[in-house]
Amino acid sequence: MSADAAVVVVGAGLAGLTVALQLADRHPVVVLAKRTLQEGATDWAQGGIVGVLGSDDSVESHVHDTQEAGGGLVDEHVARFVARHSAAAIEWLVAQGVPFSPDPEGPLGLHLTREGGHAVRRIAHAADATGHAIHEALLARCRAHPNIVLRERWMAVDLITSRLLRRDEVPTCYGVYALDIERQRVETLPAAAVVLATGGVGKVYRYTSNPDTSTGDGIAMAWRAGCRVGNMEFVQFHPTCLYHPQERSFLITEAMRGEGALLRLPNGQPSPDGSPWGPRFMPAHDERAELAPRDIVARAIDFEMKKHGVDHVWLDAMHLGEAFLKEHFPTIHARCLALGIDIARQPIPVVPAAHYTCGGVVTDLDGRTDVVGLYAVGETTHTGLHGANRLASNSLLECVVLGHSCARHIADAYPERAETLPPWDESQVEDADEQVVIAHNWDELRLLMWNYVGIVRTTKRLERALHRINLLKSEIDEYYANFRVTRDLLELRNLVDCAKLIVRSALQRHESRGLHFSRDYPYTLPASFPTVMVRKNRRE
């Protein structure tokens, strides 16, 4: 491998594209997207990105809010690093052409909004489609860069490491096996470095706000390669996903509550404030009411739904006015209207749904993993920023800030090594003829995770889930060993690995903290620890 070998970035969201753009002026980059370039969690992000910009704000305030939301598990050094670089991250995105919502009187000429858990307005946004605006701008930059190759419908199968090659040396990554989905052929991609930016694992749950790409690919591959993972028990359920039979993954941004929308019970009871749509319930759960962090709001909604036997709650934004809603939430207004819901005249039916993976591959601030030459950035990682619960809009910020530092480290440590890597061997496999088995296992896994490993957990539920996951994993591993790989099979294999990590991590935490709530351990311990899964047998 020569010094000008490509860096392979697995994932084409904000984290992956940030790394690619920061590296491309010095080194060639190949970006793999397992579906189209537009399909991913970044493009779906509505709310915005944190920037410590206003005169009423400070790094200390942002760090405090991040720690407060994170339930005692936030690494203060990481939180401070990210907050300190937040303004530069916003400025960089503006320079890339991101059309944030303007405010002539706002810092950098931007309109800042507020979301749950934040002390002040510090969220830069592009109306209610921030992720789409950011993604389109960065994709345009990447398409125009001569040193970046974008490959659609390419899915990483596994990392090529010294462990896989059975070499007795420091764990090192030399490249990746990747499936060209259209040609149904696995290629060997040597790499100067591999960056995992594949997002989270929301699709392991039956109900999620995530796109179909969120199958934990990077986490599972890194785990199989011998990397540590941490905090997998902390899966964030967004409080307000649209409840409608025709829209199971449409998110209602937290910024709507930040601007004053209220949560109400649809149980026919009279409301003290005169609303015919039912009483508010959040003030009874937290003094911050609708502006409490996501874990508190999600648990409150789950509690009220079970208590009153209702399928959803109402999010009431009618008092904000039609003009305001159309200006600030045009995507939500249009989507709901198309489904027969006029949010200016009726409340929105909402339920919690799996939204964000706060744990992942353990990395440092440069994105380095336990394997030399292997990096990870974004939702795939556990950096210590999010702790037991992610503060709203810190996710896009983490992608940019740590994407920059990851690219700098790769550029400075660029390897010069020659490697001949073995081709993918499928001589002993055959074409699969029972896709129904994959579909059935997929549905069973997602349903049992929803029922047994959801917002509220018990030890018995977790143990039952682990037993069933182990049975599913045996079936899937046997299928993988005997048939040619497909995207569906690879995603299912990755999901079952991540499901097992989530459950094992949850069983190790004998307390309730942040996003992990156990009825058997309802109290929070005075001091806590990050749950890091460590392989005792590296051949496991």
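The values are calculated or read from the model by the stated rules, or taken from the named source; none is laboratory data. Just so we're clear, the structure is a prediction, and the values are computed from it rather than from any experiment. Cβ: placed from backbone, ideal geometry, glycine included. Neighbour counts: every protein chain shown. Heads up: the accessible areas ignore ligands, DNA and RNA and are worked out on the full protein's heavy atoms, side chains in. Shrake-Rupley method; radii C 1.70, N 1.55, O 1.52, S 1.80 Å.
Quick notes on this one:
- Couplings for segment 398-404, taken from phi via the Karplus curve 6.51 cos²θ - 1.76 cosθ + 1.60 with θ = phi - 60°, read 4, 4, 6, 5, 7, x, 5 Hz in order; Gly and Pro are left as x.
- Debye log10 I(q)/I(0) for segment 390-540, one point scatterer per Cα, at q = 0.16, 0.20 Å⁻¹: -1.10, -1.19
- Taking the three principal axes of the alpha carbon atoms in segment 8-76, the coordinate ranges are 40, 27, 25 Å, sorted in descending order.
- Peptides ranked, highest mean first, by Cβ atoms within 10 Å: ranges 204-210, 476-482, 102-108: 204-210, 476-482, 102-108
- Note on segment 291-381: Rg/Rh from Cα positions, Kirkwood definition for Rh, rounded to two decimals, is 1.17.
- Judged by the mean number of other Cβ atoms found within 10 Å, the most tightly packed of the peptides 121-134, 521-534, 181-194 leads the ranking 121-134, 181-194, 521-534.
- Too-long pairs where the Cα-Cα distance tops 28 Å, listed order kept, from K203/K326; K307/K473; K34/K500; K203/K306; K34/K473; K34/K460: K203/K326; K307/K473; K34/K460
- Portion, in percent, of the accessible area of segment 97-171 that falls on carbon or sulfur, probe 1.4 Å: 51
- Judged by the ratio a/c of the largest to the smallest principal axis of the C-alpha gyration tensor, segment 233-339 counts as rounded, that ratio being less than 1.5.
- Only Cα sites of segment 129-244 enter the Debye sum here, all with the same form factor; the resulting log10 I(q)/I(0) across q = 0.15, 0.18, 0.20 1/Å is -0.91, -1.18, -1.29, listed in q order.
- Cα convex hull volume per residue for segment 381-421 (Å³): 99
- Anisotropy class assigned to segment 30-155 is prolate, per the alpha carbon gyration tensor with a/c at or over the 1.5 cut-off and a/b larger than b/c.
- Two-decimal ratio, the chain, of alpha-carbon radius of gyration to 2.2 N^0.38 Å: 0.94
- The charge dipole of the chain, taken about the Cα centre with unit charges on the Cβ atoms of Lys, Arg (+1) and Asp, Glu (-1), comes to about 1020 debye, rounded to the nearest 20.
- Here segment 401-511 exposes an accessible surface that is 47 percent carbon and sulfur, computed with a 1.4 Å probe and the other protein chains kept in place.
- Summarising the label geometry, the points placed 7 Å from Cα in the beta-carbon direction at T420 and V534 lie 3.9 nm from one another.
- Crossing angle, helix 59-69 versus the chain [Cα axis fit, 0-90 degrees, rounded to tens]: 90
- Highest-first arrangement of 13-20, 454-461, 258-265, where packing means the average Cβ count within 10 Å: 13-20, 258-265, 454-461
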